[in-house]
Amino acid sequence: MSTTTYQVSGMTCGHCESSVRSELSALEGVSEVTAKASSGLVTVVSETPLDEESVRAAVDEAGFELVGPAAS
């Protein structure tokens, strides 16, 4: 399993979190997504590490911007 946390800009509410979760959950191999609008952090658990461009496209489809992997 692979767990990666990303910084996403533009989320302000529960609906935003739901949109991001929905799009990222549709990616192949993703088993869990947690999004927190207050921090802009999105944690994705997947079978294997995800391609960042796939994550970026899913976040963009939800209407937000992927800043990149969150600093550890």
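The values are calculated or read from the model by the stated rules, or taken from the named source; none is laboratory data. These numbers come from a predicted model, not from an experiment. Using ideal geometry, Cβ is built from the backbone for each residue, glycine included, and neighbour counts are taken over all protein chains shown. Accessible surface is based on the protein model in full, side chains and every heavy atom, while ligands, DNA and RNA are left aside. Shrake-Rupley method; radii C 1.70, N 1.55, O 1.52, S 1.80 Å.
Restricting to segment 46-67, name every residue that is surrounded by fewer than 15 Cβ atoms within 10 Å (Cβ to Cβ) and aliphatic (A, V, I, L, M).
Once the filter is applied, which keeps residues that are surrounded by fewer than 15 Cβ atoms within 10 Å (Cβ to Cβ) and aliphatic (A, V, I, L, M), segment 46-67 yields Ala57, Val67.
Pick from Ser38, Ser31, Ser9: which is in contact with an Asp or Glu (Cβ under 8 Å, 6 or more places away or on another chain), open to solvent by 60 Å² or more (accessible area, probe 1.4 Å) and modelled with pLDDT of 95 or more?
Being in contact with an Asp or Glu (Cβ under 8 Å, 6 or more places away or on another chain), open to solvent by 60 Å² or more (accessible area, probe 1.4 Å) and modelled with pLDDT of 95 or more holds for just one of Ser38, Ser31, Ser9, which is Ser31.
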